[in-house]
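Written below as structure tokens is the structure these notes are about.
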Amino acid sequence: MAKDNSFIIEFDKFYQGASPAAHLDNLTELGNSGQYSTAVNIDIISNPNVLTQGPALANLTNGTQDGVVSELINYILDEAVASDVTFAVGATKLFKLSSSTVISGGSPSWPVTITNATDGESCIELGGNLYTFYNKSSGGDISKYDLSITLDHDWGSTVPTGAVALQSALHPIAKKEDIMVFGNGRYLGVYTNDNTTINVTKLDFGANTEVADVLFHANQWWIAVNSGISGTNRNTGRIFVYDGSATSNLLSDETGIGPNKIGFLYVLNGIVYVVYQDLSFSGGYIIGYIFGRQIYPLAYFTGSLPGYNQKTLYKNTILFLASGLIYSVGSIIPAKLPNQISQLADGGYTTCGAIAAPFGIPMITSSDGGGNFRLAKFSGYDTACSWKSAVVPIAKGNLLGQIDEVTVLTKTLGANARCDLQLEYNQNSSNSGIVKQITGTGQRRFIFHNFGGLVEDLRLFLDWSNGSVTNDCPIRRVRIEGHYAERLN
């Protein structure tokens, strides 16, 4: 690093994402050359060679209250049921979606109001029919749609063998072949399509429990269950394994999360991931993976605990929502690049409902709490984007650092592409003054001088707020050169 009285600091390999301690300390010194201490809406997964602006959002046609979205959509089916067709459910309505439009009108007339619904929970296609789970003012039910004309909104409590009302609760769902399993409060429910039999209390996990999520993997059902008193109290999370035939009343295995509440389960590349919360410290949200009967923590984040309706797959990474922000976790090139967690994009309005990518591009729903709603998808570049490195100590005894030159390498820039650069000094108590503008059509290399006085430590600050929504400013490398000088007082 140092030669004679000089030093060089390089920032690159931005695909490493957040510092391991970013959730605990935004002035952390823990991290590699490409890891950040804090960041907003940055993209390191589209191209692992650069750091750039995260995606912006564009509303779908009819995707706001001025169109047909007059309530917060709670769940988007994360697969197409026909070419360019999927469905979503809000508090009271079932919505039909294409990749660009929230469908309006037709027969039946979309969106469809679900009779007596107060809180739509989830929907799934099974055997050529769409089943929508919802809560009512008392209890819950399942609506059935034949994907053509006919809807039966109280189907679950009146038609199948064993029909009975559901609990008013979370209703995560999963399927395999002709079997559907679903959460029903303290119970796991099972519906078998070939004999039209439903059992809404097939498995009972006991008082003060709730099924948080379910999935099918490796010929077994995986069931995430939280137990404890609701609210801000500590819960205990457990993951049960259940036979794929869903006929037994016995569980195959169990993995304990400990005194941590589970948000969701997700399977990717043969690995079951789990998101959970540790109330014992601030920013205590964790994504890990199951290995045998153990949970291995993978990455940490702040915000809120995402639920079963707030996860999807994008560019070989798991996307999820937390406090209105979209995070990416995983490796875009497994075995070649490390796992990362990074804050990729904004979710829209303050309150987010669901995220899914049934047509490949993520869709996100949100509300501002004041009567404005939106269903939007990734489109173009955001400019509310920033990235700050981990803090780099400079001082050596009585010697402090003087910054001489900063060199920035970018991709070839388009018109109006811009990123602003500053250095933050001495635990962010001061900075280098006037920002340096990384901009210029066709340029790739920028050299800056005049960065102020002597410093004990520094942090690189990149800011795209003056950038372009059509031409991003991708950073390949930043090189800082300086020398040591003796403190005079």
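The H on the amide N of residue 405, modeled in the peptide plane, is under 5 Å from the matching H of 481, each at least 5 residues off or on a different chain. Within the range 64-94, which residues have the backbone N less than 18 Å from the label spot 7 Å out from residue 196 along Cα→beta-carbon, could you tell me? Answer for this model: none.
Enter the Cα centre distance for the pair the range 426-445 and the range 160-176, rounded to the nearest angstrom. If you average the Cα positions of each part, the centres end up 56 Å apart. Work out the length of the dipole vector of the range 43-140 about its Cα centre, built from +1 on the beta-carbon of each Lys and Arg and -1 on the beta-carbon of each Asp and Glu, and round it to the nearest 20 debye. Value, rounded to 20: 220 debye.
When the Cα positions of 358, 383, 394 are compared along the charge dipole of the range 338-489, 358 comes out farthest toward the positive end, with charges on each C-beta of Lys, Arg, Asp and Glu.
Computed from backbone phi with θ = phi - 60° and the Karplus coefficients 6.51, -1.76 and 1.60, the 3J(HN,Hα) list for the range 6-11 is 10, 9, 9, 10, 10, 10 Hz; x is used for glycine and proline. Between residue 335 and residue 396, the modelled label-to-label distance comes to 4.2 nm, taking each label 7 Å out from Cα in the direction of the beta carbon. Considering only 414, 443, 298, and ranking their Cα positions along the charge dipole of the chain that arises from unit charges at the beta-carbon of Lys, Arg, Asp and Glu, the one farthest toward the positive end is 443.
The modelled label-to-label distance for the pair residue 165/residue 218, using points 7 Å beyond Cα in the direction of Cβ, is 4.0 nm. The slack between residue 469 and residue 27, meaning 0.36 nm per residue of separation minus the straight C-alpha distance, is 156.2 nm. Couplings 3J(HN,Hα) for the range 344-356, derived from phi with the Karplus relation 6.51 cos²θ - 1.76 cosθ + 1.60 (θ = phi - 60°), are 8, 7, 8, x, x, 6, 4, 9, 9, x, 9, 9, 6 Hz, where x marks Gly and Pro.
Summarising the amide proton neighbourhood of residue 267: residues at separation of 5 or more, or on other chains, whose placed amide H is nearer than 5 Å comprise 273. For the pair residue 291 and residue 177, label points projected 7 Å from Cα toward Cβ lie 3.3 nm apart.
Going 7 Å from the Cα of residue 158 toward and past its Cβ, which residues in the range 94-118 have a backbone nitrogen under 19 Å from where you end up? Residues 94, 108-109, 112-118 fall inside that zone. Remark: the chain carries a charge dipole of roughly 740 debye about the Cα centre, counting +1 on each Lys and Arg Cβ and -1 on each Asp and Glu Cβ.
Taking 60 Å as R0, compute the FRET efficiency from the Cβ-Cβ separation of residue 428 and residue 61 and round it to 0.05. Each step should come with its number before you reach the end.
On the way: r = 44 Å, r/R0 = 0.73.
About 0.85, to the nearest 0.05.
If I model the range 56-111 as equal point scatterers sitting on the Cα atoms and use the Debye formula, what is log10 I(q)/I(0) at q = 0.13, 0.20, 0.22, 0.23 Å⁻¹? Treating every Cα as an identical point scatterer, log10 I(q)/I(0) equals -0.28, -0.69, -0.85, -0.93. Cysteines of the chain lacking any other cysteine Cβ under 4.7 Å from their own Cβ: 123, 352, 385.
What does the extension gain come out to for residue 229 and residue 450, with contour length at 0.36 nm per residue minus their alpha carbon separation? Each step should come with its number before you reach the end.
On the way: separation 221, 0.36 × 221 = 79.56 nm, distance 5.80 nm.
Roughly 73.8 nm would be gained on extension.
Residues whose amide H comes within less than 5 Å of that of residue 200, counting only those at least five positions distant or on another chain, are 190 (H built at 1.01 Å from N in the peptide plane).
Extension gain for residue 269-residue 405 works out to 44.5 nm (0.36 nm per residue, less the C-alpha to C-alpha distance). The sum of -39500 (n - 2.57) across all DSSP H runs of n ≥ 4, divided by the residue count of the chain, sets its helix-only mean residue ellipticity at 222 nm to 0 deg cm²/dmol. Sequence-ordered 3J(HN,Hα) estimates for the range 196-213 from the Karplus curve with 6.51, -1.76 and 1.60 and θ = phi - 60° stand at 6, 10, 10, 9, 7, 10, 4, 10, 10, 9, x, 5, 6, 10, 8, 6, 8, 6 Hz, glycine and proline given as x.
Since every read-out is calculated from the coordinates, none of them should be taken as a lab result. Computed from a prediction, not measured in an experiment: that's the story for all the values here. Reconstructed Cβ throughout: ideal geometry from the backbone, glycine too, with neighbour counts over all protein chains shown.
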